[in-house]
Structure formats: structure tokens, C-alpha cells
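Reading through the C-alpha cells given below for one structure.
The values are calculated or read from the model by the stated rules, or taken from the named source; none is laboratory data. Just so you know, these numbers come straight off a predicted model, no measurement behind them. Cβ sites come from the backbone with ideal geometry, for glycine too, and all protein chains shown count toward neighbours.
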């Protein structure tokens, strides 16, 4: 491009084309492990190829790009890769809707989204790109699963699952919303089907302990993970069971409780509908059998269990209290699941809100067994079961004791726990246990567009892993979807194979992996492109990830599996580190205004903001809105997360086409700190465009004034020149901290804007003045480079430099000598109230400062008639005169 000093019009398109062509020609962002620089691995969560970027993508990847470019300017060997989380149910649904194959739809979307990412100028090493739906990626996943199967970490068992009858697949608990599937909206059913699992529970304690070694992760994420792992210490206690009829044989029920001190308050036992005793009882009780069948409808998420109406039925069985020998009824309850704990709960309605609600509904006994040692008033003395649970719950309290508990009366929590543990362990009725809320990871899904699970079923040999030499098991891509059954389930030829052990006829597994499998190890594959295994020795150079970036919505599932899979890689001796990422940044949502009209049936028809004209009063306050097409009123729905459902998304490409990539990048970093929600405002985008045009003009105007000037002699600078140079280096110091330590990109931009404003006021055509302006403009261009790399690339040349990769230039360094002030402004207070200011030499003696402060006219007026008792001087800031 031309480097003419003429004040050319800022044309974002040509500027971006020139910069991106230079980067492509020089393969600027491809990196390897041979560098002698310290490494820095910056990774943003890989996108799903849905068809087009949305503003959430733009914000996420711009944050990563700013960090990557800054770190490279500080002398790091920076890796920033990109790939595609390409499997998943949305592709199947889109294929059915558009009458195409998921593979064709996915690959077309990848091509389009890649071009969009490149148009934004991200410093990505595209040589490492992959799509998780390609066999050369998922073959490693299959190989790892085979190894885990042989080690016993992968296993198969029957499991009660959330079944979506429309999408014909298992749903995770988090995918069940108000009892319905998150995509189809169908009422979810409970089904017991064979599922493949990974033993993440074997790593529960390590996953919990490891959180203490992640100071660079947000506390909120670590708290969510701790709660999800849910470590609890308690007792597992056996209740013998007596049957009410001869057809049901005696058995026992095991319960786990963290509050064995409440054991004497047990008045019934709750069991899951899938519990073996419930099924036995139902065989002789048609009403109970019908109730169990009814319980199969609805999801199994904890949120649903907590909010649904508590329902149950007496099985007719009686459990024997392990201390008193009393008979307590055994009830099936809809809030107990086999997938959690033992599938049975000892119910203490006197001290548990849920049990109290259930007992109250079915008129079951309620017994108080905990009381205050020294009640202070009548309210504390009189037991009220409806509120008791609110103030007994803290096990560490020392002001509570057991009552109505026989030999255990008077004991506190710890004393009762130890006494009961010793009793049950001696008699073989129970034992101490550590339990976790975390369940093993169910990794199989009954859908087509996913990685085939490498298992073969043989009538003689059972479930047999596919030999590694026969991998990958390739998913056929040229298929037709009917929206009912998976193509590989309905294709006998694909299923047909031979058993690798006996050579007999066999069939392939037709379930595919949960897509969290692909996203749990993708970060490692980036480090080792072309490796014969998942990751090779290059992984230990790059890992752990130095900065990971993604939404807080992934705090539990993805980030938990991400950490777990890294430990599997470590135990397979593929990597040496314990955790996959050292630092985590969770960016906020992008929100935008919503508009709608109500249809005749009361439904809301959401209207895109681009199609709406907002009406304002003379003060700029919003008074209404109208549809541009017809001029008629639309309702304002408030600001919400950009989504297809509310039709309030903004097409990033339209913004790039209108304002340029750098303006879009600049606004996405300026509008809010990374962790907070960003409110989309096109007026703000226009403001960023004006700022870039102003900087463009400043640089060209300066360049047009003459040749580049050498550095000024600090000793010969005027006060005004010193002030601008100080502002330049204050800005450098702040922006470096904002980029590197605080990730406060909005304040970094604001600091450069302030420097630009100072430049506008600086009118000095002397050699020193031009040199000071050159230094300030060079600093501004380099400081903005991580955010506006195209513009910086062009302006650097206008400032007299050869075309170069700015990321390989050193980040501007603050000259601390330039920060020293000759003059300082001091605030003068009289008895703590501001009365005036004075400007003094920075090194003026204290007695002279005091004299000037007392003589300041306004200060002197407020001191009339007062005697000075003390003068407090805070150097460089305040003079406080204490008088009476």
C-alpha cells in the first residue's frame, strides 16, 4: 500500500486487505517449538460451526487476540490456534430441515465461518486447524477409549437416563428444562438403557484438590466445580427390611447420610421408583406398579426434583430401625433417584425441609431430635417443625444437642457421629464413607452425527473393543436422515462386522460419543499437529494453556471434563502436567435491545433491532419505537442476551462491512470489561469509528509536516513538551498493566483516547515538539496494535517505518524519568474540607509549602479568627490545616 504522508481518507477495507495480505505472505502467526523465547499458549474455546459468527464469538476471539498479540510484543513465542467443535445434534436437526446431510452442512458452515474469522484479522496459526468430525481427529479419541476400556476406566452399565422421545437421544440433566428437552421441547421420559461411562468419580478428590492450585481461575468457577463434585463425609447405614406379604422376601436398605446425629428422628424411608425393593413390592401391588410407571415420565435433573410437587406411595414394606428396632414405613418418593447415592434416603421430617413437606402431605410422624442447649426465649424453646430446619443445619454449631435419642441424648453432632460410627462398624450395620455428588460421566448418545464408539458386540465374546489396528471406525457421511432413527442404527451393512476375538459374526456399537468428548482434549491436539497419537512431546512444550477464554456457562460440564481428560492424558504418559490451563477468563454475554409485536393469539413476534427506528425526546431519552417498513409502533422488550429466539442478534459481518474490522474489535473491547455483559449499541460503534478516523488524521497530518524527527533531548524540553511526554509514558505504563495484568481493555483504550486528546491540544512545530509528537503517536499506534492491528500496521508505515510485523516489535517501555513532575498541584483542606489548591515545585521544602497554603486567598478567608493547631502535608497530594 502507499505510505504517502498525504492526509488520506481512512478506508478500512483497503487497510485490512493490505495488512492481512502481508500477514499471509509472511505466515506471520505460524509458530513452532524451536524458539528460544518463553512460550505463551492462548486459547479461546472452539466454536460450533452453526453457519455464521455471532457477536459472542467476536467478543471471545477478540479478547484472545488482544492477549496473544500483546504477549508476542512482550517477547513470547505465542500460539493461538483455531478449530471446529463440529459434531452434535444441531447439525442433524439442520440437515432434516434443509434436506441435506449433516457433514455437507457442517463443512459448508466451516468454510463460511473461517472466512469471517479471517476478515477480523485474528492472529491465528491456521496450520493447526482441525474439525472434530474428521476421522483423522476422532481416531485418537477412539484409540484412547479402547485403552481406557482395557484399564477399566471406561465401562458399560444400565442407567436411568433422561430420554427425549422426539430427538431420540439421552439428555444431560442440564439439558432438561422444566421437564422438557432443551431443543425439541418434548416431555422427557426416564428410561433404563445400557450406557457407556468414564470413571470420573475415581478422580473426584484429585479434581477437588486441584482447584486449590488454580489461582488464575475465577473463584466463581471454582466454587461451582466444588459444589458439583460435592464431597461429603458421612455414614452408610443398613436398615433391615421386613415384608408385609410372604411374596416379598426380607432384604436390607442402605442409606448414606451426612447427619447420622438425626438417626433417632427417622420416621420413614424414601426409595427411588427403580429401587429393587420398589419393583418387588410393585409385583404384588397393581396400584404401586401404576405409580412406578407414572414416575418414568419426567426428567431426572436435580433442579426438577427440587421444584416438583412431592409425591409418593407406601410400598407396604417396613424397615427396622437399626438402634430402636422400631418399624418404619418404606415409601417410594418421586424426589429420590437411583443414580444418586444408594437410591434410598432416611427421612427425618423434623429436621429436613423436603422430608417435612412430604410427611406433612401424607400425615407421617414428625419427631424432634435436636434442640438448643440453652434456649433464650419461648420461640427457641417451643419446637416448630415448619421452621426448625432453618436454624439447626450448621454441623459446626456447639449450642445444639440431641434430645429424644435415648443413650445419645446430650451429644452434639461430632459426639453422636463418632458414637454411632463405632456402634455400626462394630455390629456390621454400617461404615464411615466419603461420598461425592459427582456421577460417572455418561459418554454415549443415541444419535448419528458423532464419533462412533469403537466397540463390537459378539454373542459369544460379549462387548469387545475394536483393535487399535482397525481404527478409525469411520462414520458414514453420505446419509439421509428421516428425523426418527440414526442412519447407522438403521443400516445393517454398517453394523455388520466380525468379532476380533473369535472371528464370528458380530455387530458394531451404534451409539456415538457425547460431543463433550471431542472438546475435552482438543486443546492438546493443537500442540501436536500430525502426531501419530493424541499428543506427542510437543505437548509438554506448550502445555498447560497459559490463558483459556470462554463463557461462564461452561464452568461445570466442559471445564470439569476438560480437567478430567487432562489427567487421563497424564496417566497415559502423554503429558506431564496435572492441569490443562493455568489461567481462565470467562467473558460476559453480549446483550442487545429487543422489540416485538403481539399477534392475535397473544404470541410475541420478535423484530430485529436493525429493522426498528427508535424515537427519542430532545434530551435523547427513548420515547418509543417503530418498524421502519411500515412506520407502525413496536413494543420495547428491554435488553437481553443476543439470541435467535428474541431475534436481537447483530450480524458481525454487516458491521465489518459498514465500519471495518478494527472498529468492531475496538467497540467489543471498549464497551465493557471482559467479565461483564456488553450492551450492543451501534452509536457506540460509530463513536469508535470516529476515534480511529481522528487518529488516522492526526498521524497523516503529523507526517505531512516533514520528515521524521529524532528523539528530543529531555533536558531541553519546555514545560508543555514535558507534560505531553509525561502523558505518553503514563499511558504506556497504564496500558501495559491493563493488557498484561488486569485484562482491562476498556480502560486501556480510554487511556489512548486521552493521549490522543492531549495531542490535539499540543501545538508545537519546533524540532523538539515534532519529536515529542512522533514519540506519542508511535506509542499510540503500538499500544492499540493488539486491538486494531490493521490500522496500526498502516499507520506505522505512515510514521516513517518500513512495513513490518508489529507483533515482533517490543511493546513500548515506560521511561520512569519522564513521569517525574517538576510541578505538583496540592489540595488545601481546612479541618478536612477543601478550600483551595496551589501549584508548587515538586521538591519544595515543607515549610515553604505550608506558608504558600496558608497564604492562598480562599484558604486564608476560611481561617480568619482561627488558631492553627497542626499542619499535615501528604507529599504530592494534600495540605490539611487543623485549626480551631
#### Entry: Number of positions in the range 520-554 that are under 20 Å from the mean Cα position of the chain (by Cα), free of Cβ contacts under 8 Å to residues at least 60 places away in the same chain and part of a helix (DSSP H, G or I)
2
### Message
Condition first: assigned to a strand (DSSP E or B) and surrounded by 15 or more Cβ atoms within 10 Å (Cβ to Cβ). Can you find one or more residues in the range 616-625 that meet it?
### Response
yes
### Message
Can you confirm whether residue 99 is free of Cβ contacts under 8 Å to residues at least 12 places away in the same chain, over 21 Å from residue 515 (Cβ atoms) and more than 23 Å from the chain's Cα centre (by Cα)?
### Response
yes
### Message
Within the range 8-30, does at least one residue satisfy the condition of being farther than 23 Å from residue 661 by Cα, in contact (Cβ under 8 Å) with a residue 24 or more places away in the chain and not assigned by TED's automatic domain parsing to the domain that holds residue 694?
### Response
no
### Query
Can you find even one residue in the range 724-734 that is over 30 Å from residue 68 (Cβ atoms), under 40 Å from the mean Cα position of the chain (by Cα) and part of a helix (DSSP H, G or I)?
yes
### Message
Anything in the range 489-514 that is within 30 Å of residue 214 (Cβ to Cβ), touching a helix residue (DSSP H, G or I) at 6+ places or on another chain (Cβ under 8 Å) and not in a strand (DSSP E or B)? List them, or say none.
### Response
none
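Every residue, every condition in (1) in contact (Cβ under 8 Å) with a residue 60 or more places away in the chain; (2) in the same structural domain as residue 59 (by TED's automatic domain parsing); (3) at negative phi; (4) assigned to a loop (DSSP other than H, G, I, E, B), yes or no:
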site	(1), (2), (3), (4)
771	yes, no, yes, no
778	no, no, yes, no
781	yes, no, yes, no
791	yes, no, yes, no
807	yes, no, yes, no
810	yes, no, yes, yes
839	no, no, yes, no
853	no, no, yes, no
866	no, no, yes, yes
#### Entry: Of all residues making up the range 626-657, the number that are within 30 Å of residue 15 (Cβ to Cβ) and surrounded by 12 or more Cβ atoms within 10 Å (Cβ to Cβ)
9
### Top-ranked residue of the range 697-736 - restricted to ones that are out of contact with any helix residue (DSSP H, G or I) (no Cβ under 9 Å at 6 or more places or on another chain) and under 15 Å from residue 822 (Cα atoms), ranked as surrounded by the fewest Cβ atoms within 10 Å (Cβ to Cβ)
715
### Summary
Sole miss for residue 178 among (1) closer than 22 Å to residue 471 by Cα; (2) surrounded by fewer than 15 Cβ atoms within 10 Å (Cβ to Cβ); (3) in contact (Cβ under 8 Å) with a residue 60 or more places away in the chain is condition (1)
### Query
So is residue 495 more than 30 Å from residue 639 (Cβ to Cβ), outside the structural domain of residue 684 (by TED's automatic domain parsing) and surrounded by fewer than 19 Cβ atoms within 10 Å (Cβ to Cβ) or not?
yes
### Summary
Note on the range 847-877: residues surrounded by 15 or more Cβ atoms within 10 Å (Cβ to Cβ) and under 14 Å from residue 826 (Cα atoms) are 849, 850, 852, 853, 854, 856, 859, 871, 873
### Task
Spot the failing condition for residue 697; the list is (1) under 30 Å from residue 113 (Cβ atoms); (2) part of a helix (DSSP H, G or I), and only one is missed.
(1)
